[in-house]
Amino acid sequence: MVVSVRSKRLDKEVAFLKATAKAYTNIALIKYWGKRDDRLFLPTNSSVSLTLDRFYTETSVEFRSDLPSDQFYLDGKIVNEETEMAKISRFLNLIRDIANEKKFATIQSVNKVPIAAGFASSASGYAALAAAAMKAIGLQTDKKTLSQIARQGSGSACRSVYGGFVEWNKGNREDGSDSFANQILEKEKWDISVLSTLVESQPKEVLSREGMKRTVDTSPFYPGWLATVEQDLAIAKNAIELRDFEMLGEVAERNALKMHATTLGANPPFMYWQSATLQVMEHVQALRASGIQAYFTIDAGPNVKVLCQQKDEQIVYDELKKIPTVKDVYTCHPGPGISYITSND
Ligand code: 2P0
C-alpha cells in the first residue's frame, strides 16, 4: 500500500512513501546459466522454475526525505557491508530514475529460512525489494514490469514474481524489454513435492554470479550447454503441460548435471558439489532403481533438491533423513507469487 502521511517528528512536511511485499524462493528445473549482458542481467538461455511455499523474504521500503543515504536492515540488524549496500543502492537507483525521485530509502528485510545456512536467496530478496520499492514510490506494479525490474537485481528474481511453474523467456532485444518471466502453470494445478536437503558443507568458494561468468568466458563445455538447453526447455514445458512427472524429473536432473558439468571445464575449474552432495545424488538414484520416482536438481551450491510426487513424499523424506551427512530435509510444495502486506505503522 502506498502511504503518504505527514511526519509527526519534523515540523516541516515530509512525505513518507512506504510499502511491504513478500516473495518466495524458486527452484530452477531448467537452469539460468550465463548472461549475454551483465549490466542488464540478460540471460543466454530461457529457464523454467517452480516457486516454493517454504522460504520467503518480506521487505518494507520507505523512501524518506530526511535520509542522507539508503539504510538496509536484515533480520533487524543494520547491514554496513559495502558491496552489499552498493548492489542495493544501484538497484534502488534504477527505480528512483524511473520515478524521477531523489529520496533515499530505509529497507527492512526479514529472511524466513529455517536456518541461516545454504538457502539464502537473492531471488526472493530482489523480488520482494522490487515489489516493495516500486509500490512505495508509486510506480506501476503489474507483474511484467515487476519481473523486468526484479531481473536487474538478480536474474532468478524475475521468476519469483509469479507462483507455480514459471518460464523466464530470455528475449532477444538489446535493451532487455522482452526478457521477463511468465507463469506457465498455477500452483494449484500440479502439487508436486520438492524435498530440500541441507547437507554438511564448507562455505562455497565461487559465488554463482562469478561462476556463471567464468564458465561462459572459459569453459569449452559451455557451447554444449547452449546447443541443448532450448531442447531441454521444450521437454520441460511439454511435461508440465501433460503433468508427466517422469518426463519432468528426467529432464530436470539431466539439465542440472549438464550445468554443473560446464563448471568442470572452466579455467580455473570449480565445482559446487561436495562429498555429501554426491551421497544424496546416489541415494536418489538408488531410490529410483527401487521403483520410486525421485529426481534431483542442484543449484550453485552443495544442497540437493529432490523432486517427487506427493504419494511418495513420506518415503522419500524418510530415506533422505537416513543419510548421515544430511543435516535436515525441508518439504516444499508449489508456492505463490508476490504479495503485498498492509500495515498500519
Ligand atoms: C537458476 N542460478 O536458474 C540458476 C541455476 C544458480 C544455478 O540463478 O548474477 O543469483 O544475480 O543474476 O540469479 C543463481 O544466480 O545470479 C541462479 P545473478 P543469480 O536459478
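Quick one: residue 170 ticks every box in (1) open to solvent by less than 40 Å² (accessible area, probe 1.4 Å); (2) within 12 Å of the ligand (Cβ to nearest atom) bar one, so which box is it?
For residue 170, the failing item is (1).
Of the residues in region 37-50, how many are more than 10 Å from the ligand (Cβ to nearest atom) and either out of contact with any helix residue (DSSP H, G or I) (no Cβ under 9 Å at 6 or more places or on another chain) or of a type in the set (Phe, Trp, Tyr) (or both)?
Of the residues in that region, 2 qualify.
Answer yes or no: is there a residue in region 67-81 that is among the aromatic types (Phe, Trp, Tyr), away from the ligand (no atom under 13 Å from the Cβ) and at pLDDT 95 or above.
Yes - at least one qualifying residue is present in region 67-81.
Take the residues of region 315-332 that are at pLDDT 95 or above and open to solvent by 40 Å² or more (accessible area, probe 1.4 Å): which is nearest to the chain's Cα centre (by Cα)?
The extreme case among them is 317.
Looking for something modelled with pLDDT of 95 or more and at positive phi - is there at least one such residue anywhere in region 30-46?
Yes, there is a match, as at least one residue in region 30-46 is modelled with pLDDT of 95 or more and at positive phi.
Residue by residue, here is whether (1) touching a helix residue (DSSP H, G or I) at 6+ places or on another chain (Cβ under 8 Å); (2) more than 11 Å from residue 30 (Cα to Cα); (3) away from the ligand (no atom under 16 Å from the Cβ) holds:
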| residue | (1), (2), (3) |
| --- | --- |
| 227 | no, yes, yes |
| 236 | yes, no, no |
| 245 | yes, yes, yes |
| 273 | yes, yes, no |
| 279 | no, yes, yes |
| 292 | yes, yes, yes |
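Being open to solvent by 50 Å² or more (accessible area, probe 1.4 Å) and more than 22 Å from the chain's Cα centre (by Cα) is the filter; apply it to region 225-243 and report the residue that is farthest from residue 182 (Cα to Cα).
My answer is 227.
Just to be sure I understand the filter: pairs with C-beta atoms under 7 Å, separated by 6 or more residues or on different chains, first member in region 302-319 and more than 12 Å from residue 281 (Cα to Cα), second member open to solvent by 70 Å² or more (accessible area, probe 1.4 Å) and outside any strand (DSSP E or B). Which pairs pass?
Note: pairs meeting the criteria are 310/191.
How many residues are surrounded by fewer than 24 Cβ atoms within 10 Å (Cβ to Cβ), assigned to a loop (DSSP other than H, G, I, E, B) and in contact (Cβ under 8 Å) with a residue 12 or more places away in the chain if we restrict to region 142-153?
1
Residues 52, 92: which one is assigned to a strand (DSSP E or B) and under 30 Å from residue 216 (Cβ atoms)?
52
For region 44-56, state whether one or more residues are touching a Gly at 6+ places or on another chain (Cβ under 8 Å), closer than 20 Å to residue 179 by Cα and among the charged types (D, E, K, R).
Checking region 44-56: not a single residue is touching a Gly at 6+ places or on another chain (Cβ under 8 Å), closer than 20 Å to residue 179 by Cα and among the charged types (D, E, K, R).
Output the residue which, of all residues in region 13-36 that are of a type in the set (Gly, Ala, Ser) and within 11 Å of the ligand (Cβ to nearest atom), is surrounded by the most Cβ atoms within 10 Å (Cβ to Cβ).
Here is the first cut: in region 13-36, the residues of a type in the set (Gly, Ala, Ser) are 15, 19, 21, 23, 28, 34.
Applying the additional criterion that residues be within 11 Å of the ligand (Cβ to nearest atom) yields 28, 34.
Values: 28: 24, 34: 22.
So the residue we want is 28.
Pairs needed: first member in region 211-223, farther than 20 Å from residue 301 by Cβ; second member anywhere, part of a loop (DSSP other than H, G, I, E, B) and open to solvent by 50 Å² or more (accessible area, probe 1.4 Å); C-beta distance under 6 Å; at least 6 residues apart or different chains.
Here the result reads 218/267, each pair linking region 211-223 to a residue that is part of a loop (DSSP other than H, G, I, E, B) and open to solvent by 50 Å² or more (accessible area, probe 1.4 Å).
Can you tell me which residue among 176, 125 is crowded, with 17+ Cβ neighbours inside 10 Å, assigned to a loop (DSSP other than H, G, I, E, B) and within 13 Å of the ligand (Cβ to nearest atom)?
176
The values are calculated or read from the model by the stated rules, or taken from the named source; none is laboratory data. Small disclaimer: the values here were computed from a predicted structure and weren't measured. All Cβ positions, even for glycine, are placed from backbone atoms using ideal geometry, and neighbour counts span all protein chains on display. These accessible areas exclude ligands, DNA and RNA; they are computed on the full protein's heavy atoms, side chains included. Shrake-Rupley method; radii C 1.70, N 1.55, O 1.52, S 1.80 Å.
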